[in-house]
1. Can you say whether ARG395 is of a type in the set (Lys, Arg), buried (at least 23 other Cβ atoms within 10 Å of the Cβ), in contact with a helix residue (DSSP H, G or I) (Cβ under 9 Å, 6 or more places away or on another chain) and part of a helix (DSSP H, G or I), as far as the supplied structure shows?
2. Looking only at the stretch 240-258, which residues are closer than 29 Å to LEU202 by Cβ and either modelled with pLDDT of 75 or more or surrounded by fewer than 13 Cβ atoms within 10 Å (Cβ to Cβ) (or both)?
3. Are any residues in the stretch 77-99 over 22 Å from the mean Cα position of the chain (by Cα) and either part of a loop (DSSP other than H, G, I, E, B) or among the aromatic types (Phe, Trp, Tyr) (or both), and if so, which ones?
4. Would you confirm whether any residue within the stretch 42-57 is among the aromatic types (Phe, Trp, Tyr), over 20 Å from GLN406 (Cβ atoms), in a helix (DSSP H, G or I) and at pLDDT 90 or above?
5. State the number of residues belonging to the stretch 466-479 that are among the basic types (Lys, Arg) and surrounded by fewer than 19 Cβ atoms within 10 Å (Cβ to Cβ).
6. Restricting the search to the stretch 421-465, which residues are in contact with a strand residue (DSSP E or B) (Cβ under 9 Å, 6 or more places away or on another chain) and buried (at least 21 other Cβ atoms within 10 Å of the Cβ)?
7. Restricting attention to the stretch 157-184, which residues are within 10 Å of ILE486 (Cα to Cα) and free of Cβ contacts under 8 Å to residues at least 60 places away in the same chain?
8. Can you tell which of ASP134, ASP187 is assigned to a helix (DSSP H, G or I) and free of Cβ contacts under 8 Å to residues at least 12 places away in the same chain?
Amino acid sequence: METSGWSIQHAVQRIVNSEVIAALIGIYVSCYLASKAYRIFIYPYYVSPLRNLPGPKDGNFLMGQVIKDFTSGNPNEPFMTWMRTWPTVDFVRYLSYFNSDALLVISLAAQKEILQKHCYSFAKPTLYFKLAADLVGRGVGIAEGQEHRNQRKVLNGLFGLTNLKKYVPVFRRKAREVVRLFEKAIDENDGCITLMPTFSKLTLDIMGVFALGIELNSLEAPSVFEACYKEMFEQPLVGQLLIAINAFFPIRWLPIKINRDFLRAKETVRSQLRIVVKERISEIQEGRVSVKRQSATDADDLLTFLVREKHLKEEDGPRWTEDEMLEQMITFTAAGHETTAVSLVWATHVLSIYHDVAGRLRKEVQSLLATKPDPDYYDLEGLPYMEKFAKELFRFLSAAVVIPRQAIEDVTVLGVFIPKGTNVMVMPAMFHHNPAVWGDDCDEFNPDRWDHMPEKTADPYAFAALSQGPRMCIGRAMALLQFKAILVELVSRFEFENVEGGHVEVLNPNLLLRPRSGLKVRVRRYD
């Protein structure tokens, strides 16, 4: 009987414990759901310190303005519409995923506060980090805080003019390979050529020399890197959605073809670059130079510099590991070539539409080549109309869509209290196409505007294509220099005919303003 009584007591206790556990779980779930409901449906409308800022009020009940962003057909929309509605405010407030607060930066003063004064009070948002790291690695473009400062300090020397000047012959040599492709298209395909894959191969080959110190020769024959980057960057709509979803919920494990192809391309790039890194370490330790490097250039390449100065040396701080150097190689080969390729595509498109601009640019370039067939850095920098054209192109059609930031601490900017965790979007097009900054003709392509600038454009932050402040694009000078060097070769020989009309569809969502079709033009020899 005692055993039976104990069993009954034990059973009752188990039931009570189960009920207590169930009650605790129920309380936890209820509190969690209540907290989420508060954050989604109450806080943004009645509590948020940002709720009274100007901004759209027509968002989805759960996803704010995200759906409009994804379905707008252009990564600069609906943001451009909001900027035009409130062109003189500092911020436009909108609701993002699950009605979380987000700010669109409108004024130059606000941009300067975010990117300069409070630079390290903001970091890349977690979602963006997940999106970008898959594509461009975890190098200097992703690093934050002191880690970013340290990496930038190490890398700055390679992007100084002393080293970049040595790469002008490389830029021009690679551009002449594109000249041969254009000539072939004229002879075999009535001059029709798709620009995006052509310029992607060109800039990838340049970054192969600059970052890796080797010839990839993507323009001559299909390369592993070119095929993999095409797979990663030219995702169909379903692939773009999977990239976005993966930032919230890990789904790369799903055994579907588009996932397998993306992961295979990503891992192939990493494995191939790791081989290059390992080989370079061995070469330098053994004091030899491989055949691959002999044909590249006499200038310093990034990988060789890092191995010598940061991997094998013990002075000047901790040595960089093989993995740390690998991440930098991934960043520069991926991000370094795609942005410039997109800019070259838009430059060619503009030249196919604005024939007067193309004529003036060609006249200036041919005048230079008549006296200096092999122009150097100083010759390229001495082309006034080319300088104006390059700046206007980067203003008019900025390749980079967004510089996303997230407050990592509570911060007040221009009297606006921005709570920790708030996403802040700095978008170059918001400044470049703001009539309050660039005047009423801001939507016109006009290189001559740089001769008579509106007062506000004297502010460096009016030109945001390559960012500003301590996190300004480290490859800014290189991007502009290779852009000019390549155009000198192409504009002097060819004229371009628009075959796609004035409107070009672009990929959306996308981190770059990238043409959906690759953008086709007809190339003609200039007589």
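1. It is true that ARG395 is of a type in the set (Lys, Arg), buried (at least 23 other Cβ atoms within 10 Å of the Cβ), in contact with a helix residue (DSSP H, G or I) (Cβ under 9 Å, 6 or more places away or on another chain) and part of a helix (DSSP H, G or I).
2. ILE258
3. TRP82, TRP86, PRO87, THR88, VAL89, ASP90, PHE91, TYR94, PHE98
4. yes
5. 1
6. Result: THR422, ASN423, VAL424, MET425, VAL426, MET427, PRO428, MET430, PHE431, ALA464, ALA465.
7. Hit for the stretch 157-184 is ARG173, nothing else.
8. After ruling out the rest, the residue left standing is ASP187.
The values are calculated or read from the model by the stated rules, or taken from the named source; none is laboratory data. A quick note: this is a predicted structure, and the numbers were derived from the prediction, not measured. Every residue, glycine among them, receives a Cβ derived from its backbone with ideal geometry; neighbour counts consider all protein chains shown.
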